[in-house]
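Mind having a look at this structure? Questions to follow.
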């Protein structure tokens with residue numbers, strides 16, 4: 001186990017998957033270190049003292065934290081199989097949607113997950129509103145957010161795949177339905193079928209079990 | 001300069017996010033038109049350019065809108081690659097700048113919480129600001145100021161973090177007046193104190209910071225009507 005690139009992660013974290021997919025799509029070899037999250041390793045705490053979280057990418061001994069920062073780093077150091085457009089304007093549009101997903105979608109998903117019986121319907125509706133905006137304005141009539149092939153925006157919007165699906169099951173409310181969001185629903189299936197993505201998805205049963213346990217026992 | 005290549009910044013005079021972009025354009029020497037938006041009565045143009053968030057700043061270049069201040073800063077750096085470069089050339093240093101730029105956003109949130117705090121909460125809110133500034137100091141000092149904080153920062157050397165610090169704390173005197181406490185305390189955060197002092201000496205910075213009295217009046221008004229500055233949701237992790 002001594003590759004130049006190492007990734008500290010946790011099997012159910014969407015942010016870790018973003019990095020795994022980026023590395024694999026670019027054919028970058030790496031060592032993976034699964035962190036036992038309640039018992040974070042010394043190394044993780046040293047590499048990410050500010051947030052103490054995964055993912056952390058270590059390249060030639062230098063740690064990088066925060067998944068959007070990691071993704072931009074990977075894109076710059078290994079520019080083949082690009083995950084961002086070359087044109088600065090198109091890049092700004094991609095970064096806008098990446099920001100939208102990491103900020104607004106992530107918050108809404110967390111609210112949707114954590115809301116109790118009283119608030120969950122409203123949280124679900126707020127989640128739906130963001131899904132609608134994503135479908136209409138980010139995806140449009142394209143097959144993928146990146147156009148004909150997936151790019152970084154697709155990777156980030158993968159929050160709309162396993163993680164929303166798991167949350168729907170755990171909370172008991174469906175939001176991403178084909179009747180209400182046909183294009184986004186189609187995208188979910190297309191994304192999950194993409195080579196590399198298909199072979200690197202968390203197990204859905206294990207996810208439901210894991211998140212059900214977390215929801216009823218937040219500590 | 002034809003219509004197409006015109007640069008227009010849509011903003012609001014007291015917004016820190018707008019200030020980041022305004023300063024960036026000035027530092028790069030990019031001529032631009034400025035449109036002041038009335039956020040209580042949003043213009044059709046604003047809603048057309050930023051239908052998702054309906055916010056400022058919006059940079060319109062060649063008729064096309066770019067939204068979100070950090071996205072705009074990266075766009076400016078890529079489109080006008082002349083000095084100063086907001087992000088360093090080397091990839092690992094770029095990652096560090098992006099990391100700390102995102103962290104400065106958290107400090108921004110803490111300052112917003114300080115503004116929103118009632119009398120009993122002010123002490124705790126202020127302590128959190130100082131603590132976050134300490135984390136920032138520890139994080140940036142080695143790579144951003146390898147030779148220590150200069151007395152004078154040259155405008156040709158300003159970077160993304162400098163622009164964000166001006167926007168965050170440039171109006172600290174007004175913020176201090178409103179909250180009744182010292183946000184930048186040289187005893188608690190000596191590096192941040194020196195950094196902001198050095199930035200304040202630049203003419204471009206002085207003319208970008210909102211006028212003190214106007215800002216104090218505006219913030220007092222917001223306090224009176226019970227306006228709460230929006231902050232990002234504190235998030236549990238999704239692991």
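None of the figures in this text is laboratory data; all of them are computed from the coordinates on show. It should be emphasised that the depicted structure is a prediction, and the values quoted were computed from it without experimental measurement. With ideal geometry, Cβ positions are generated from the backbone for all residues, glycine too; neighbour counts draw on all protein chains shown.
If you average the sequence gap of Cα pairs under 8 Å that are 6 or more apart and divide by the length of region B:91-225, what percent do you get for the contact order?
28 percent
Let me check against my output: what whole-number percent is the relative contact order of chain B, with C-alpha pairs under 8 Å and at least 6 apart?
Details: 284 pairs, mean separation 51.2, N = 239.
It comes to 21 percent, rounded to a whole number.
Rounded, prolate or oblate: pick one for region B:7-79, where a ≥ b ≥ c are the square roots of the eigenvalues of its C-alpha gyration tensor, a/c under 1.5 means rounded, and failing that, prolate if a/b is larger than b/c, else oblate.
Details: a/c = 1.72, a/b = 1.45, b/c = 1.18.
Taking the square roots of the gyration eigenvalues as a ≥ b ≥ c, region B:7-79 is prolate.
Distance in nm between label sites at residue B:124 and residue B:64, each 7 Å beyond Cα in the beta-carbon direction?
4.7 nm
Please work out the Cα center distance from region A:66-99 to region B:213-233, rounded to the nearest Å.
When both Cα centres are located, 35 Å separates them.
Name all residues of region A:149-191 having a backbone nitrogen under 19 Å from the label point set 7 Å from the Cα of residue A:122 along its Cα→Cβ direction, giving them as ranges.
Inside the label zone: A:171-175.
A further question follows. Relative contact order for chain A: what percent, with Cα pairs under 8 Å and sequence separation of 6 or more? Could you put the intermediate results ahead of the total?
Working: 240 pairs, mean separation 42.4, N = 219.
Relative contact order here is 19 percent.
Could I ask something else about it? Compute the separation of the alpha-carbon centres of region B:166-186 and region A:197-219 and state it in Å as a whole number.
If you average the Cα positions of each part, the centres end up 44 Å apart.
Okay, moving on. In peptide A:85-93, how many Cβ atoms from other protein chains are near each Cβ within 10 Å, on average?
Mean shielding count: 5.
For region B:7-79, give me the percentage of DSSP beta bridges that are antiparallel, rounded to the nearest 5 percent.
Values: 8 of 12 bridges.
Rounded to the nearest five, the antiparallel share is 65 percent.
Label-point separation (nm) for residue A:31 and residue A:213, each offset 7 Å from Cα along Cα-to-Cβ?
It works out to 2.8 nm between the two label points.
Shape verdict for region B:127-176, please, from the Cα gyration tensor: rounded (a/c under 1.5), prolate (a/b greater than b/c) or oblate.
Taking the square roots of the gyration eigenvalues as a ≥ b ≥ c, region B:127-176 is oblate.
From the Cα gyration tensor of the protein assembly as shown, with a ≥ b ≥ c the square roots of its eigenvalues, which class applies: rounded if a/c is under 1.5, or else prolate if a/b is larger than b/c, or else oblate?
Rounded.
Turning to a different aspect of this structure: What FRET efficiency, computed as 1/(1 + (r/R0)^6) with R0 = 35 Å and r the Cβ-Cβ distance, is obtained for residue B:152 and residue B:5, rounded to the nearest 0.05?
The computed FRET efficiency comes out at 0.55.
In deg cm²/dmol and to the nearest 500, what is the mean residue ellipticity at 222 nm of chain A if only DSSP H runs of at least 4 residues count, each as -39500 (n - 2.57), divided by the residue total?
-14500 deg cm²/dmol
Run the quick spin-label model on residue B:38 and residue B:82: label points 7 Å from Cα toward the beta carbon, then report their separation in nm to one decimal.
3.7 nm
When you look at the Cβ of every residue in A:195-206, what mean number of other chain Cβ atoms sits within 10 Å?
0
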